[in-house]
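Down below is the structure, laid out as structure tokens.
The values are calculated or read from the model by the stated rules, or taken from the named source; none is laboratory data. This structure is a prediction, so every number in the text was calculated from the model and none was measured. Cβ atoms come from the backbone with ideal geometry, glycine included; neighbour counts cover every protein chain shown.
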Amino acid sequence: MQVANSKQLTMKNLIVFAFLAIFGGSAIYAQGTVHAACEASVVGYTETRNVSNFFTFADLKSTNAQVSTTQLSNILGSPYVVEAFQKGSLFYGEERLGTFYARYNGYNKEIEIKKTNSTEEVAKALVNDKMLRFVFNNQNEMRLVAFIDKKGNRLEEYLVTKSDGGRYQLMERPLITYKEGKKAANSLMLDVPSKFVLRTELYVMDLATNIASLVPSKKSKLIDFFDESEKIQVAALIKKKSLNIKYEKDLLQIFDFANSIDRDIAYKQ
């Protein structure tokens, strides 16, 4: 009798185990399906992380809604660094995804992109991902970069790579702000129109940290940015060539030189 009960118990356990396995597997599959469906609604998500699938678009933000109810046609300037779409190549890491047309909306801080230059094709916003970069045919490259602004805030925006190197990269931040206009106080005064204002800031990316920082405005602080082994040589270069760090072309010389120090080219100049 005890043996029979033991067999019944074993059989019961097997049935319960089989039920749990089937039900549990279904539940996990269902949960995974729901999870994948939810994540798929997030722009840029792909379950397999396949490069071609990862290349997805988000809806453009409404610039008009962000700058109040004023019509864009009544605003001076432009939210774009360059109004026209420009041809270039999109890359995911080192893999080229194809040829596209793009422009940078400096107010919304997003790259608008489309497959053709047709006015009938509706542009989309490129997904924010650090692996993606757009290289225009004029060789300007835009990519999402983490940086520290002049207020000490850590931000992520699209920056333009101005120089390439093994350690330091000079980068430009196109920054477009919106200034609300004012109605004239009286008939003797004119209305002040609303406008978009473009300005740029220069940053230096230290590839050892992958974080860019604002280029110092003083020569002494710029020299302090470099490692101890580089400071003396950089300072000597600035003095020898009378470089002015307010000029981009001079900064390019400085960072190109700093990138060459490890390769023992600096001593030949």
### Task
Working carefully through the options K151, K130, find the one that is surrounded by fewer than 12 Cβ atoms within 10 Å (Cβ to Cβ) and in a loop (DSSP other than H, G, I, E, B).
K151
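Every residue, every condition in (1) closer than 22 Å to K151 by Cα; (2) of a type in the set (A, V, I, L, M, F, W, C); (3) surrounded by 17 or more Cβ atoms within 10 Å (Cβ to Cβ); (4) touching a helix residue (DSSP H, G or I) at 6+ places or on another chain (Cβ under 8 Å), yes or no:
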| site | (1), (2), (3), (4) |
| --- | --- |
| T200 | yes, no, no, no |
| I211 | yes, yes, no, no |
| V215 | yes, yes, yes, yes |
| K218 | yes, no, no, no |
| V234 | no, yes, yes, yes |
| I245 | yes, yes, yes, yes |
| D256 | no, no, no, no |
### Query
Take the residues of the range 183-198 that are out of contact with any Pro (no Cβ under 9 Å at 6 or more places or on another chain) and either assigned to a strand (DSSP E or B) or in contact (Cβ under 8 Å) with a residue 60 or more places away in the chain (or both): which is surrounded by the most Cβ atoms within 10 Å (Cβ to Cβ)?
S194
### Query
Is at least one residue of the range 130-139 modelled with pLDDT under 90 and more than 14 Å from the chain's Cα centre (by Cα)?
yes
### Task
Filter the range 158-205 down to residues that are of a type in the set (D, E, K, R) and in contact with a strand residue (DSSP E or B) (Cβ under 6 Å, 6 or more places away or on another chain) and give me whichever is modelled with the lowest pLDDT.
K182
### Task
Could you check, for the range 216-232, whether at least one of its residues is within 30 Å of N105 (Cβ to Cβ) and either part of a strand (DSSP E or B) or not small (G, A, S) (or both)?
yes
